Amino acid sequence: MFVSVEPLDTIIRALFLSSLAVCWVVFVVRVVGLRAFSKMTAFDFVVTVAIGSLLAGAGQASAWTGFLQAILSIAALLGVQYLVAMLRRRSGGFEDFVQNEPVLLMSDGAFHEKALGATRVTEGDVIAKLREANVLDMSQVRAVILETTGDISVLHGSQLQEKLLEGVKRL
């Protein structure tokens with residue numbers, strides 16, 4: 001592809017194509033916006049993982065066609081993500097279709113067994129997140145929420161504004 005000496009060609013190709021692909025991703029993200037690598041929805045997460053895989057493929061391409069296919073696929077994924085984000089903002093029905101609902105796993109220090117079962121989250125998983133959030137007393141835990149991204153949020157303290165639980169499913 002670049003030089004006729006095989007090991008040297010592999011090294012040059014990897015360095016050059018990887019650098020070029022990363023610059024391409026930075027450029028496309030600048031056009032599409034910072035939301036490109038957010039984890040707001042499961043869809044966003046899938047796009048982020050796919051872009052990482054395509055970026056690796058671009059760096060390992062043995063021909064220009066493979067490289068071009070990878071970088072164009074990255075642009076297409078980010079374009080689709082942009083369109084989905086715009087449709088989500090304009091249509092509540094589309095947002096409901098694309099996005100999962102956050103689920104309340106624990107409130108006021110008590111586990112919600114039905115929610116834990118439905119989401120396949122264990123009490124041990126929640127307790128680990130409580131420790132991570134520096135919870136010292138479970139009675140101070142106002143809410144533990146499995147977010148749409150799969151992250152677990154821990155809200156603790158003396159009180160909780162109900163606004164923070166809007167849109168959270170209670171099982």
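Please treat every number below as a calculation from the coordinates, not as lab data. Because the structure is a prediction, the values reported are computed rather than measured. All Cβ positions, glycine included, derive from the backbone under ideal geometry; neighbour counts span all protein chains shown.
A cut-off of 5 Å between modelled amide H atoms, ignoring neighbours fewer than 5 places along the same chain, links residue 152 with 147. Tell me which aspartates and glutamates have Cα within less than 20 Å of residue 114's Cα, excluding those fewer than 8 residues away on the same chain? In chain and number order, the partners are 101, 123, 125, 147, 151, 166. Short-range pairs are left out: with C-alpha atoms under 8 Å and at least six residues apart, the relative contact order of region 103-165 is 35 percent.
For the chain, averaging the sequence separation of C-alpha pairs within contact (under 8 Å, six or more residues apart) and dividing by the residue count gives a relative contact order of 20 percent.
Classified by the C-alpha gyration tensor, the chain has a prolate form. Its axis ratio a/c, with a ≥ b ≥ c, is 1.5 or above, and a/b is larger than b/c. For the chain, a crude dipole built from +1 on the beta carbon of Lys and Arg and -1 on the beta carbon of Asp and Glu, taken about the Cα centre, is about 420 debye to the nearest 20. Ordered by residue, what ³J(HN,Hα) values in Hz, to whole numbers, does region 163-171 give under the Karplus form 6.51 cos²θ - 1.76 cosθ + 1.60, where θ = phi - 60° and Gly and Pro are x? My calculation for region 163-171 gives 4, 5, 9, 5, x, 8, 6, 10, 9 Hz in order.
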